[in-house]
Amino acid sequence: MSAFLEAKDLDAFYGQVQALHGLSLSMERGTITTLLGANGAGKTTTLRAICNMIRTSGTISLNGQRISGRSTERIVEMGVAHVPQGRGTFTTLSVDENLRLGAMTRTDHRGIEDDIEKMFARFPILKKRRSQQAGTLSGGEQQMLAVARALMLRPQLMLLDEPSFGLAPLVVQELFEILGQVNRDDGVSILVVEQNAQLALKIATKAYVIASGRIAMSGAAEEIAQDDEVRKSYLGY
Ligand code: ATP
């Protein structure tokens, strides 16, 4: 049986620059998996490769269905939501409008209204700010909105690129608690890139360490967290 997400032998290129070299990874349905590694290792590129946002060779499948070679729009329709670094909310639109845009590929109007209320229950701060322009929200609120907007797709898999970036520790803690709930209660599988390895290893069950566009190490998150050699060589703590 194939894994939920399976990427095999990925080579990815920015023009002439090769950023991934035969990278393979897999994750099981319903889990949180984290991609760790130094700046420039290829973590963001791996998420981009999964969404076909960069020229990539190799194969990627979701639930045994090939997604590699399909358009980014099609991959989104197949249930992959990507929250890029820097969040990517529409700054001049309101919180409410951002959430509705997240549901763009859906036609079940009733379901969309229900899900907006669900997001407000999960992220109470967004309810308070529902009419406010996204660009005027704090960094933490914008990250919450980016995650909520992605969830409006009802994704099977959410790709998160450095959700903790630039946020105060308490806000990061709150955000990661919510990510844990989204995973447990809604069954959304999460592939998360993080600079904050300690934090990511706490919520993930499996971890990959990327170095120079290749998998340098992989294993159960608990084991990776306890491996002194890995910590010293790749994680810097
Ligand atoms: P960071 O945490 O700094 O974002 P990362 O692990 O996510 O690091 P990537 O952004 O995936 O790293 O970058 C992998 C490699 O690809 C790096 O060597 C980087 O310089 C290169 N790269 C990234 N974006 C581009 C681009 N637009 N054009 C050319 N090279 C790029």
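Any idea what the dipole of the stretch 156-237 comes to, in debye rounded to 20, about its Cα centre with Lys/Arg Cβ at +1 and Asp/Glu Cβ at -1?
200
GNM on the chain, C-alpha springs below 10 Å: top fluctuator among 213, 42, 166?
Looking only at 213, 42, 166, the largest GNM fluctuation is found for 166.
About its Cα centre, how strong a charge dipole does the stretch 1-128 have in debye, to the nearest 20, once Lys and Arg get +1 and Asp and Glu get -1 at the Cβ?
The dipole magnitude comes to about 180 debye.
Any idea how far the Cα center of the stretch 36-81 sits from the one of the stretch 100-162, in Å?
Cα centres, the stretch 36-81 to the stretch 100-162: 22 Å.
If you take the alpha carbon radius of gyration of the chain and divide it by 2.2 N^0.38 Å, what ratio comes out, to two decimals?
0.99
Could you give the dipole magnitude of the chain about its Cα centre, charging the beta-carbon of Lys and Arg +1 and that of Asp and Glu -1, in debye to the nearest 20?
The calculated dipole for the chain is roughly 440 debye.
Which Cα, out of 196, 89, 168, lies furthest along the positive dipole direction of the stretch 86-237 (beta carbon charges, K/R +1, D/E -1)?
Checking the options against the dipole of the stretch 86-237, the answer is 89.
Counting only other residues whose beta carbon sits under 12 Å from that of residue 125, what net charge do I get with K and R as +1, D and E as -1?
+3
Cβ under 13 Å from residue 223's Cβ, residue 223 left aside: what net charge do those residues give with Lys, Arg +1 and Asp, Glu -1?
After counting each charged neighbour, the total is -2.
Rule-based calculations on the coordinates, nothing more; no lab input. Because the structure is predicted, anything quoted here is derived from the model rather than measured. Here the Cβ is made from the backbone with ideal geometry for all residues, glycine too, and neighbour counts use every protein chain on show.
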